[in-house]
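What follows is a single structure, written as structure tokens, with notes after it.
The values are calculated or read from the model by the stated rules, or taken from the named source; none is laboratory data. Just so it is clear, the structure is predicted and the values come from calculations on it, not from any experiment. Neighbour counts are summed over all protein chains in view; Cβ atoms, including those assigned to glycine, are modelled from backbone coordinates with ideal geometry. Each accessible area value is taken on the protein alone, full model and side chains, heavy atoms only, with ligands, DNA and RNA left out. Shrake-Rupley method; radii C 1.70, N 1.55, O 1.52, S 1.80 Å.
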Amino acid sequence: MKSPTPLHKLKSSDIYPALICTLLFILALIVRWRVFYDFCLVFTDCDQLLLWDVANDMHHGIFHEPCFYGQSYNPLIEPLFAQVFLIFRMPLQVALPLISWIFGFFPYLLLGWAFFREKKYLSVAFTFVYLLWLPIEFQAIDSMPRGYVPASAFASIGVYMALFTQKKSRFFWFAFFSLFAFTVSQNCIFFIVPVALYLWLDHLKDFKYYVQTFVGIVAALPLPLFIYWFYNRHPEYIVHGIEYTFDFNTFKESLKQTDKIFNFLVAGHGFKLLIISLGFSIFALACFIKKNIKAGISIMGGLAVLYFSLWFDKAQDGTQSLFFSSIRMYLGVPVGIIIFSYWTESSFKIKSFRGALEIISLTFLLAVGIVCSAERNWFFKDHLYNSADAEDIVSSQTTSGLEAYCSGLSVLCRNYHTDLIILNNNQAGAAYMCAAFNYPFEVLRPCYERRTWTLQHEDSTIRRDFIYLPANPDTVYKFAAGIDLKPTYDATAFLITTRGRKVFDILKDLKEEVRAH
């Protein structure tokens with residue numbers, strides 16, 4: 001394996017390709033940074049807000065459960081790594097989006113650097129041009145703190161170790177990071193499987209390969225085993241379970257919805273799956289033509305995994321909203337495609353890509369990158385802000401608006417000397433954001449509260465009073481007989497004195513739903 005190639009040691013023939021690659025990297029970085037600064041810091045949603053609450057809990061040394069609160073999958077990686085920023089007093093609303101933004105961009109940065117070390121300049125240029133070509137909505141989805149972004153980042157470390165280093169332990173690290181990443185989110189499978197297939201074909205008779213792979217898998221097992229043990233011990237913590245339907249009818253239905261499923265994975269309109277399939281097939285065909293059979297088979301294996309995923313109904317679990325898009329399950333596909341480009345370029349002799357042909361190809365890619373970058377920046381708000389304003393299953397809100405709302409609730413608590421707010425109105429995400437912002441004030445949404453332990457705690461607690469924000473304040477008095485209830489200066493909120501009763505008993509009298517816990 002070649003050693004790194006510092007810029008000051010590049011040959012004269014490498015200067016122009018290196019310059020093109022650097023320019024394309026800068027263009028991609030600018031677009032990504034704008035997504036972070038002008039979108040991720042401006043808009044949020046209830047799932048992101050829950051991770052803010054998790055990060056705040058961790059910051060105070062509290063660890064309630066290993067996965068996204070209320071479900072037995074998506075380990076809490078982003079809130080954990082965000083502690084690095086929170087220690088230095090970075091605000092929650094910046095720390096979480098920033099760590100997710102880093103995770104989302106990391107695979108392209110790492111693999112682009114690996115290609116550069118190998119002097120595969122076309123692959124480097126393609127990496128960042130392809131990233132620029134992807135719809136701006138994909139850039140946003142790949143930067144949101146929602147639990148599914150870190151998987152590709154960790155899996156790419158394993159790929160880097162296996163394909164671009166000569167370390168004796170490289171197969172161990174590939175197996176370790178692959179299983180770890182798969183536990184975080186299964187969306188990385190679209191490049192883990194092709195790389196695993198390639199390594200197996202390339203080391204079919206290498207005993208050390210099998211030993212290291214086995215040891216790597218065993219080393220990564222504690223996390224999935226702990227998750228399995230924890231949620232079997234605490235099944236009441238699972239509010240949103242994961243259930244798959246896998247059959248041919250699901251596959252047929254998925255084929256009818258491919259433009260929706262892959263909406264933000266391909267620029268343009270229509271024929272999304274066909275375009276992706278053609279991309280895979282072109283890379284595979286080029287490898288077969290140049291007798292790189294192992295790479296060709298591995299790429300086709302990746303395409304098979306893509307179609308196999310359509311047999312699961314989870315592929316259809318999304319809408320046209322970028323806050324609840326099916327693309328969250330396919331974030332690993334672009335990473336796989338840039339790996340395939342590297343295998344394809346490696347299939348050709350270096351000399352055949354030198355001279356005028358390489359210069360023309362890189363110049364063309366630079367031109368495409370400039371056009372894509374200009375389009376993404378010019379129509380940035382038209383695409384993302386319109387999507388953010390749309391109502392959907394997971395709706396978005398502005399961070400500043402929620403901050404102001406939570407600040408108002410904090411003032412309510414202080415003015416009425418209480419530390420509990422029951423929120424049953426349409427501000428679902430505020431229950432989590434306000435809990436984080438107004439710590440140690442508690443904010444609960446009993447009808448669909450993901451934090452089961454808060455409900456359990458409230459069942460054994462007698463409070464003096466609490467603030468109650470119902471869905472419809474006008475109907476509260478219909479059921480308020482015998483309840484010490486008075487309106488606050490905020491017309492949508494009431495102060496309820498418990499008189500020794502439990503909060504949930506009072507809510508049931510008010511005909512408010514409290515989920516089983």
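Please name all residue pairs, on different chains or six or more residues apart, with Cβ atoms under 7 Å, provided the first residue is in region 293-322 and is within 24 Å of TYR342 (Cα to Cα) and the second residue is in a helix (DSSP H, G or I) and of a type in the set (D, E, K, R).
Qualifying pairs under 7 Å: LYS294/ASP202.
Of everything in region 150-171 that's part of a helix (DSSP H, G or I) and open to solvent by 40 Å² or more (accessible area, probe 1.4 Å), which residue is modelled with the lowest pLDDT?
First, the residues of region 150-171 that are part of a helix (DSSP H, G or I): 150-164, 170-171.
If we keep only those that are open to solvent by 40 Å² or more (accessible area, probe 1.4 Å) as well, we get 157, 170.
Numbers: ILE157: 97, ARG170: 94.
In this case the residue turns out to be ARG170.
Can you tell me which residues in region 285-318 are farther than 20 Å from LYS272 by Cα and in contact with a Pro (Cβ under 6 Å, 6 or more places away or on another chain)?
Once the filter is applied, which keeps residues that are farther than 20 Å from LYS272 by Cα and in contact with a Pro (Cβ under 6 Å, 6 or more places away or on another chain), region 285-318 yields only SER298.
Kindly indicate the residue of region 281-293 that is under 19 Å from PHE126 (Cβ atoms) and not in a helix (DSSP H, G or I) and also most open to solvent (accessible area, probe 1.4 Å) among those meeting that condition.
So the first thing to find is which residues in region 281-293 are under 19 Å from PHE126 (Cβ atoms), and the list is 281-287, 289-290, 292.
Still in the running and not in a helix (DSSP H, G or I): 290, 292.
Working: LYS290: 90, ASN292: 35 Å².
Among them, the one singled out is LYS290.
Taking LEU278 as the residue in question, decide whether it is in a helix (DSSP H, G or I), touching a Ser or Thr at 6+ places or on another chain (Cβ under 9 Å) and under 26 Å from ARG328 (Cα atoms).
Values: in a helix (DSSP H, G or I): yes; touching a Ser or Thr at 6+ places or on another chain (Cβ under 9 Å): no; under 26 Å from ARG328 (Cα atoms): yes.
Spelling it out, it is not the case that LEU278 is in a helix (DSSP H, G or I), touching a Ser or Thr at 6+ places or on another chain (Cβ under 9 Å) and under 26 Å from ARG328 (Cα atoms).
For region 32-70, which positions are of a type in the set (Ser, Thr, Tyr) and surrounded by fewer than 19 Cβ atoms within 10 Å (Cβ to Cβ)? Please lay out each step first, then the result.
Going through region 32-70, the residues of a type in the set (Ser, Thr, Tyr) turn out to be 37, 44, 69.
Correct list: TYR37 only.
Here are PHE177, PHE171: which of them is of a type in the set (A, V, I, L, M, F, W, C) and within 17 Å of VAL335 (Cβ to Cβ)? Reasoning before the result, please.
Values: PHE171 fails: within 17 Å of VAL335 (Cβ to Cβ).
Exactly one residue qualifies, and that residue is PHE177.
Quick one: in region 243-266, of everything that is part of a loop (DSSP other than H, G, I, E, B) and open to solvent by 30 Å² or more (accessible area, probe 1.4 Å), which residue is nearest to GLY332 (Cα to Cα)? It would help to see each step written out before you state the result.
Pass one, region 243-266, residues part of a loop (DSSP other than H, G, I, E, B): 243-245, 247, 257, 262-266.
If we keep only those that are open to solvent by 30 Å² or more (accessible area, probe 1.4 Å) too, we end up with 243-245, 247, 257, 263.
Working: GLU243: 22, TYR244: 20, THR245: 22, ASP247: 23, GLN257: 20, ASN263: 15 Å.
Once the filter is applied, the top-ranked residue is ASN263.
Within region 489-509, which residues are of a type in the set (S, T, N, Q) and modelled with pLDDT under 90?
Just the residues of region 489-509 that are of a type in the set (S, T, N, Q), to begin with: 492, 497-498.
THR492, the sole residue that qualifies.
Could you look through region 362-403, keep only residues that are at pLDDT below 85 and among the β-branched types (Val, Ile, Thr), and pick out the one that is nearest to MET433 (Cα to Cα)?
The residue in question is VAL394.
May I ask you to say which residue of GLY318, GLY296, GLY302 is touching a Phe, Trp or Tyr at 6+ places or on another chain (Cβ under 8 Å) and not in a helix (DSSP H, G or I)?
On the way: GLY296 fails: not in a helix (DSSP H, G or I); GLY302 fails: not in a helix (DSSP H, G or I).
Exactly one of GLY318, GLY296, GLY302 is touching a Phe, Trp or Tyr at 6+ places or on another chain (Cβ under 8 Å) and not in a helix (DSSP H, G or I), namely GLY318.
So, of the residues in region 207-242 that are open to solvent by less than 50 Å² (accessible area, probe 1.4 Å) and outside any helix (DSSP H, G or I), which turns out to be modelled with the highest pLDDT? So that I can check it myself, show each step before the final result.
Kept after step one, since they are open to solvent by less than 50 Å² (accessible area, probe 1.4 Å), are these residues of region 207-242: 209, 212-213, 216, 219-220, 223-224, 227, 230-231, 234, 237, 239, 241.
Narrowing the set further to residues that are outside any helix (DSSP H, G or I) leaves 234, 239, 241.
Details: HIS234: 93, VAL239: 89, GLY241: 78.
Taking the candidates together, the pick is HIS234.
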